[in-house]
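Contents: one structure, followed by commentary.
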């Protein structure tokens, strides 16, 4: 029998439906049709725990932990990944992206991040190597994102995939592409997160070379501002962690007026003052080095602007990041952390400088209480406080009291340090005779104090001072 295929261009959807119906009539002959069960609609709610429920550490304070309040299913759920994952891991990734965004750009100070338009989050859906490096970071947390971490088998599997893909890319024509720079940055973050400083520095040195081949940090920022911010911030974090000089100079960052994509701190400050309607700002006056006084004034103005932030005056996320990095870079350039590179500074100036650095580190992204600690900075701040144990003037006493509260609220958080800080604060209060929390906070804001981050710790230290003071020099509590 000669077989012939139906090849009639006049056949349309109606004819095809009739043909299929006729064929199935023969195949289903004699079979009974099982009726379908009616669909039952069930609501599924993704549990998002309260911050207090996520951590059960007794009285320990979890600092600057941000949890997502926006629904996890948003415009990102319409995108596809470069690597197949199931629905459960999709929710896992969405939630981590939101937590990272809130940690990098605190919602108290910044407008909401549009994840679908942010380069660092778009790479998750565009680049497999970047996607694996992000999953390696996310899988490193034992329980929840921001908590205790370890190198899990899942993290090793994903980081191995990221290494393999990155090596292939670096040997090709796209070795210095935006995606390549992004992945190497993530590899350095992964190693630093696990306290593998030497390996992280190797990645960062390679990253620095890639940036140079792209024309420098300022030129990279003019091409892709979001991409350039991460290597800049990494350079500052490594400098804070080991006391080294910042790998990129201020000239590398600022470039020429035409070449840089970063926004200057002065421009950001002027914009915020205009939003708030502040025509003038008071300048702190202290008998210290004029350059350091300028840095103190800048940070004083910036923290006061943050304290006055409303929904209508929030910073753009990239402007916030630029401002924090510019201030930190200028502080480290003024006096590098390592004594080998540090010029002689009088004790009062020295204490102010270390305390300002501690303030600014709280504005860098942190992903939990187990983040990479700045032990070098903590040791130097502790030594500067002890060197000022007997201030002679009222000005020195005010500086010491402010530095004590900043240290307590930021990086000196072990039991031995808290005992030392409380004892020194008791002596300082006896002299200054500050009676109310509002009066104390006004004195702290003359230097640099961030309400949303420090008030809780400040009130706790004030309470401990009142308990230990032999006489009621502080007045009734507020």
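Quick note: the coordinates plus some simple rules give every number you see, no bench work behind them. Since the structure is predicted, the reported quantities are computational estimates derived from the model, not experimental observations. Reconstructed Cβ throughout: ideal geometry from the backbone, glycine too, with neighbour counts over all protein chains shown.
Annotations
- Neighbour-count ranking [beta-carbon atoms within 10 angstrom, fewest first] of 357, 432, 217: 432, 357, 217
- Sites residue 459 and residue 254 - FRET efficiency at Förster radius 45 Å, r taken between beta-carbons, to 0.05: 0.70
- For the peptides 290-298, 130-138, 307-315, residues were scored by their other Cβ atoms within 10 Å and the scores averaged per peptide; the highest-first order is 130-138, 290-298, 307-315.
- Packing, as the average of other Cβ atoms within 10 Å across residues, places the peptides 433-440, 448-455 in the order 448-455, 433-440, highest first.
- Theoretical gain in end-to-end length, residue 276 to residue 414 [0.36 nm per residue, Cα-Cα removed]: 45.8 nm
- Rounded FRET efficiency, nearest 0.05, which uses the C-beta distance separating residue 285 from residue 468 and R0 of 45 Å: 0.85
- A crude spin-label estimate for the pair residue 442 and residue 198, with each label 7 Å from Cα along the Cβ direction, gives 5.5 nm.
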